[in-house]
1. When the C-alpha atoms of the range 34-169 are aligned to their principal axes, what extent does each axis show, in angstrom, from largest down?
2. Cα-based Rg of the range 194-347 per 2.2 N^0.38 Å, rounded to two decimals?
3. For each of 387, 300, count neighbouring Cβ atoms within 10 Å of the residue's Cβ, then give the residues from fewest to most.
4. According to the square roots a ≥ b ≥ c of the eigenvalues of the Cα gyration tensor, what is the shape class of the range 13-59, taking rounded for a/c under 1.5, prolate for a/b larger than b/c otherwise, and oblate for the remainder?
5. Within a 10 angstrom radius of the beta carbon, how do 171, 119 rank from fewest other beta carbons to most?
6. Going by a ≥ b ≥ c, the root eigenvalues of the Cα gyration tensor, does the range 261-412 fall in the rounded group (a/c under 1.5), the prolate group (a/b larger than b/c) or the oblate group?
7. Please check: in the Gaussian network model of the chain (C-alpha springs, under 10 Å), which one of 271, 355, 164 has the largest mean-square fluctuation.
8. Kindly put 323, 242 in sequence by how many other C-beta atoms sit within 10 Å of each C-beta, fewest to most.
Ligand code: NAP
């Protein structure tokens, strides 16, 4: 039996210990992420034929494992167990930077020693939908790695499918490299994945939560396309951060109160107040742009609080594209502003390989900043999720060091 190595240490390349440290969530700890995660020694998994075992140097923190730790809206452990997974625990983590330590028998093009990052799109390669060449993120087997699946990056070793493996940008540290891929590839799919409404140089994109993980990548993608991003934030410091990333301006949402499900259409007074809020918000978009132009794409994730405004504001023939319902799921669409103006409300989730590679190339080329915000120690993974869930310090992406000793390690 090979001894577990300490956090911040690595075994010799390609040598696998029997056990590893992992930040583990169990069902009897569901609730506050600060206490749901706990370090435990777990058996090191071995890669299946199409899988890759990575020694994790740094792990990106994403909102999905706030949900996993709370056990809401789904119990990821019970869901996996119903599908035959024997493990009564969850090792999350949907972003990793690290070094390949072992590959499965059928893996080609990925070798032990490669320095890599992972994208979070996960599916059964034998799924008939995938085999037929359709978008795998629309396959019945599509999932998010390190959320729906076990043995993600909150451990010294993680297991990924070979198609998820991307080259690590050489100029980034391990911490920087672990920061952006889940949110960045999601933003890329949202902005480029829906033909008829893809990002164009003349697009105007309203980006909710502009200083956050998704928002900070979306703003940069919009700028890189030569288009204009208007950010929405909840304070001036966050707004200034968005402008540094390339937003043409920002709106402080705290100036408005018309959030959530609007008054019923038969409630004249309630409707008048709601419309006044929407119009005032839209006027700020025009003021920022210096012309009466509406967003051709609205980049959505708050959901219940903001969807009615997003649908109202979106340009005729434009798209509200949404990947989450952070503030709630009962989002109301006033159909008068939807069908007559022929707007699209498009769901989007995860990434496929093509989108992930295109996004990662922009990172490798230095076009996109990974927006590393806070760096945590491995022991603080629960705290990091609790702070994220509380909306604290929303500037880019949070990362935890695992095999990397310090935040600057790993730059070439
Ligand atoms: P984040 O970094 O914590 O950012 C969330 C942003 O939401 C904050 O910047 C905050 O901005 C904004 N926000 C909070 N409350 C709001 C409200 N009431 N109204 C408007 N905006 C509000 O999180 P993230 O990484 O960007 O993720 C955001 C959501 O997307 C999470 O629910 C996550 O699970 C989901 N997501 C889904 C996918 C997918 O593939 N489906 C991928 C990535 C993320 P201000 O307070 O400054 O306005």
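Coordinate-derived values only; no laboratory data. As the structure is a prediction and not an experimental result, all values here were calculated from the model. Positions of Cβ are generated from backbone atoms using ideal geometry, with glycine treated the same way; all protein chains shown enter the neighbour counts.
1. 40, 33, 27
2. Details: Rg = 14.4 Å, N = 154, 2.2 N^0.38 = 14.9 Å.
Relative to the rule-of-thumb radius for its length, the range 194-347 sits at 0.96.
3. Fewest-to-most ranking of 387, 300: 387, 300.
4. It is prolate, given that a/c is not under 1.5 and a/b is the larger ratio.
5. On the way: 171 13, 119 28.
By the 10 Å Cβ count, ascending: 171, 119.
6. Prolate shape, in that a/c is at least 1.5 and a/b is the bigger ratio.
7. Result: 271 has the largest fluctuation of those listed.
8. Details: 323 20, 242 26.
With the fewest neighbours first, 323, 242 line up as 323, 242.
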